[in-house]
Structures are given as structure tokens and as C-alpha cells.
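Enquirer: Got a structure for you, written out below as C-alpha cells; questions coming shortly.
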Amino acid sequence: MKTILKTIVFFLVLLLVGYFSANYVLRKLAIKAMTILQPRLEQKGIIVENFDYSSVRMNSFNSCALSDVDLDFYLNRKMYGKESFKAAFNAKTITIRFADFQNPSFFFSFSNFSLFIHANESDDRKTFGKLENGFLKTRIPLYLKTPEESAREILTEIKILFNEDKTPMEFEIEADVFLGIDDKEIKVRLFTERIGTVTYLKFNDRDIFEAAKSFDLDLSAKEAEIIANHPGKVPGMIKITRDAKKYSMFEKSKHKTFPEDAYRHIYWSYHLTRAFGPELAREITDAHETEIGNTEKEHQMDYHNNEVARNYAKEILSTDEIINRVLHSPDIIRDPNEVR
């Protein structure tokens, strides 16, 4: 019995010594890794201004975690031009899980992270320039033998996800996003959904409804659903919709006989098509017509003018040229009574 107890105590001591030794070694490795990485990142145009964390520890035999991580960095303007920015990132926990010891690789996850991108004075505010209460988990291994290639693949897929709203790679992302449009900032929930072999990036429909109200816009349920499925395009969509409403009201205030409704739809559909292509523009404008309130002739007039505007989008037109066509082109229906 005494022999068994001694053996158990021996293994416990070994385990504790190994645990604390591993934590000590990890702290040393983290400092050394940053010293090695910093000049290599600078060659890539990524300038790290600050990197700090409160602790690093082993969670299990194959995972470790950094706590209270703070990182400030910026992209070299000479290398990235207008794409450059300064950013502040912090995370409560970054967990690294080793996936394969024969071909060394690991997965990582961020818990309770935030990211703030400082927009340059001359730049538009970025769509995802401010994230809070975030969670991110990758299911793509980062191989230690080829870390740069692996990291580039992961970053490329993340960029595709945020630009195209979908990717075949597996990611789990959830965060509060602050959409900055003009002088307003609205919080919406961003998340991913895996359907078959594709990961989709989405907003919550309800959040889009609330955001639209803040911008004094009326959306149909179908319209909100379509917009929520294209998070990266939401600020542009909302801005174009607001501008269409604002400029049509302004022209109407100057001339009482100005065809406000026709101009609003022509301007709206034209700029949606120029920005996002004819298919998505058609989806959004057709979905808007599912809203209750208009007569059948009013709906037909709007469908027609939206289609005319999509054809106009093959040309580059100034605002004055659009107004001139709304006033004089025989292609446009200016009054529901003109609908045959």
C-alpha cells in the first residue's frame, strides 16, 4: 500500500513540476517568439507597436493559453497605400491547441476579443472597424514547418469571408459589430453559419430592422433578410438607400412637379447595380416591393423603373444626367396612371 501511495505522490510531483516548468518555458518562448517575429513582420509592412499579456499557461497536455492579450499595430502606408490602417486588438484568452505532433500544427481560438481600426481622416469608416464581445475559432491547421504559407491561407480565407460573405473553409465567428455610417454608429450581431461545405457570414435580421429605423428607412421582411445575408455590403446598401430618399426629397422641394418616386427608384437601383451588380440589386429592389402599402400600379411602376435603372448602370452617369433622364427619357414611368 505504501509503495502505491509513494508512486502516486511521485507522479503528482512530476505532474506539478512539469506543469509549472512548462508555464515558465512558455513565458520564455512567447518573449523569444515575439523578438524573432517582430522584424519579420516589419518586412511584411506590419509594424507592432505594443504586445503584452498577463500570463501564459498549459491547459492540457496539448493546449496552452495566453490571457489578457493586448496588441497595437499598423500597416505601412508605403506598402499598403489606402488599405493601410492602425489597429488595437485585445483578447481575454487566446487558446492554442496542437493538432498533430508528427507534422507539427495547431488550431487557435480567441475568446472575448475586441478589435478597433482607426480610420484615416481621408478614408471612409470601415465596415468592420469596431468589433466587441467576439469569439473566433479556426478549424484550419497552421503548420509549423510552413507557418507563413499556412498563415497566408488562413488570412486569405478570412478576407474572402468578409468580402464575399462566404468561404468553403471552416470558421466560427461571433461578435458585436458597430456599423459607422455618416455620423451614426449602430451595433449589430455578426455570426457565421455552416451550411453543407460552405461557411456563411450573416447579420441578425432583427438587428437590420432596428438599424434601418435608426436611419429612418422602411424595410420589408424579405429585404431585411437579403441585406442580413450580405454583412460586408450593408453600410453601402444603407447609404445608397438613404441618399436616394434624401436627394429625391430635395429635388421635390425645389420643384413641386418633380417626379420624386421615379427619381428615388432610378437613383437607388442605378447605384445599387453599380456597387453590387445587377443580380443583387434586383433581389433587393424586388424584395422591397413585397412591402404592403402600394397599389398594384405603383408596384408595376417601381419594378419597371428599377429595371430601367439597372440598364442605365452599364453607363457612368452623373447625378445631373440621371435627373435629366428622369425628367425627359421615354423609358421611365413617372406616374402610376401611365402603367398599361
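The values are calculated or read from the model by the stated rules, or taken from the named source; none is laboratory data. Small disclaimer: the values here were computed from a predicted structure and weren't measured. Note that we place each Cβ from the backbone using ideal geometry, even for glycine, and neighbour counts take in every protein chain shown. These accessible areas exclude ligands, DNA and RNA; they are computed on the full protein's heavy atoms, side chains included. Shrake-Rupley method; radii C 1.70, N 1.55, O 1.52, S 1.80 Å.
Enquirer: Rounded, prolate or oblate: pick one for the range 184-340, where a ≥ b ≥ c are the square roots of the eigenvalues of its C-alpha gyration tensor, a/c under 1.5 means rounded, and failing that, prolate if a/b is larger than b/c, else oblate.
Expert: Working: a/c = 1.88, a/b = 1.79, b/c = 1.05.
Since a/c reaches 1.5 and a/b is larger than b/c, the shape of the range 184-340 is classed as prolate.
Enquirer: What's the local net charge at ILE332, with K and R +1, D and E -1, over the other residues with C-beta under 10 Å away? Each step should come with its number before you reach the end.
Expert: Numbers: positive: ARG325, ARG334; negative: ASP331, GLU338.
Net of charged neighbours comes to 0.
Enquirer: Working out 0.36 nm times the residue gap between LYS184 and SER63, then minus their Cα-Cα distance, what length gain in nm do you get to one decimal? Each step should come with its number before you reach the end.
Expert: Details: separation 121, 0.36 × 121 = 43.56 nm, distance 4.19 nm.
That works out to 39.4 nm of additional length.
Enquirer: Okay, next question. Compute the distance in nm between two label points, each set 7 Å from the Cα along the Cα-to-Cβ direction, one at ARG206 and one at VAL48.
Expert: Going from the ARG206 label point to the VAL48 one covers 4.1 nm.
Enquirer: What are the extents of the Cα atoms of the chain along their three principal axes, listed from largest to smallest and rounded to whole Å?
Expert: Cα spread of the chain along its principal axes, largest to smallest: 100, 48, 32 Å.
Enquirer: Here's something else I'd like to know. How charged is the neighbourhood of ASN112? Take every other residue with its Cβ under 12 Å from the Cβ of ASN112, and add Lys/Arg as +1 and Asp/Glu as -1. Let's see the in-between values first.
Expert: Values: positive: LYS92; negative: ASP68, GLU132, GLU174, ASP176.
Every neighbour counted, the sum reads -3.
Enquirer: Kirkwood hydrodynamic radius (Cα pairs, Å) of the range 44-93?
Expert: Working: mean 1/r = 0.0803 Å⁻¹.
Taking the inverse mean of 1/r over all distinct Cα pairs, the range 44-93 comes out at 12.4 Å.
Enquirer: A further question follows. Setting aside same-chain residues fewer than 8 positions from LYS187, which lysines have a Cα under 20 Å from its Cα?
Expert: Once the sequence-local lysines are set aside, what remains near LYS187 is LYS126, LYS130, LYS202, LYS213, LYS233, LYS239.
Enquirer: If you place +1 on the Cβ of every Lys and Arg and -1 on the Cβ of every Asp and Glu, how big does the dipole about the Cα centre of the chain come out, in debye to the nearest 20? Present the calculation step by step, with values, prior to reporting the outcome.
Expert: Numbers: 48 positive and 52 negative charges, 357 e Å.
That gives the chain a dipole magnitude of about 1720 debye.
Enquirer: Compute the separation of the alpha-carbon centres of the range 197-233 and the range 34-70 and state it in Å as a whole number.
Expert: 36 Å
Enquirer: Could you give log10 I(q)/I(0) at q = 0.13, 0.15, 0.19, 0.31 Å⁻¹ for the range 203-251, computed by the Debye formula over C-alpha point scatterers of equal weight, without solvent?
Expert: -0.28, -0.37, -0.57, -1.24
Enquirer: Still on this structure, I have one more. On a 0 to 90° scale, report how tilted helix 319-328 is relative to the longest principal axis of the chain, with both axes built from alpha carbons and the result rounded to the nearest 10.
Expert: In the chain, helix 319-328 runs at an angle near 30 degrees to the longest axis.
Enquirer: I'd like to check one number: the per residue accessible area of the chain, probe 1.4 Å, reported in Å² as a whole number. Each step should come with its number before you reach the end.
Expert: Numbers: 20050 Å² over 340 residues.
Using a 1.4 Å probe on heavy atoms only, each residue of the chain averages 59 Å².
Enquirer: Quick one: net charge around ALA65, please, counting Lys, Arg +1 and Asp, Glu -1 for every other residue with C-beta under 12 Å from its C-beta. The partial results should precede the final answer.
Expert: Working: positive: ARG57, LYS92, ARG97; negative: ASP68.
Residues near ALA65 contribute +2 overall.
Enquirer: Something else: If I fit a long axis through the Cα atoms of helix 205-214 and take the longest principal axis of the Cα atoms of the chain, what angle between them do I get, 0 to 90°, rounded to 10?
Expert: Here the helix axis deviates by roughly 60 degrees.
Enquirer: With r as the distance between the Cβ atoms of PHE98 and THR146 and R0 = 22 Å, compute the FRET efficiency 1/(1 + (r/R0)^6) and round to 0.05. Please report the intermediate quantities before stating the final value.
Expert: On the way: r = 16 Å, r/R0 = 0.73.
Rounded to the nearest 0.05, the efficiency is 0.85.
Enquirer: Would you compute, from DSSP H runs of 4+ residues alone, the mean residue ellipticity of the chain at 222 nm, taking -39500 (n - 2.57) per run and dividing by the full residue count, rounded to the nearest 500? Provide the component values of the computation, followed by the final result.
Expert: Working: 10 runs with 158 residues, N = 340.
Rounded to the nearest 500, the figure is -15500 deg cm²/dmol.
Enquirer: Got a number for carbon plus sulfur as a percent of the range 233-340's accessible area, 1.4 Å probe? Could the numbers behind the result be given before it?
Expert: Numbers: 3040 of 5980 Å².
Of the solvent-accessible surface of the range 233-340, carbon and sulfur hold 51 percent.
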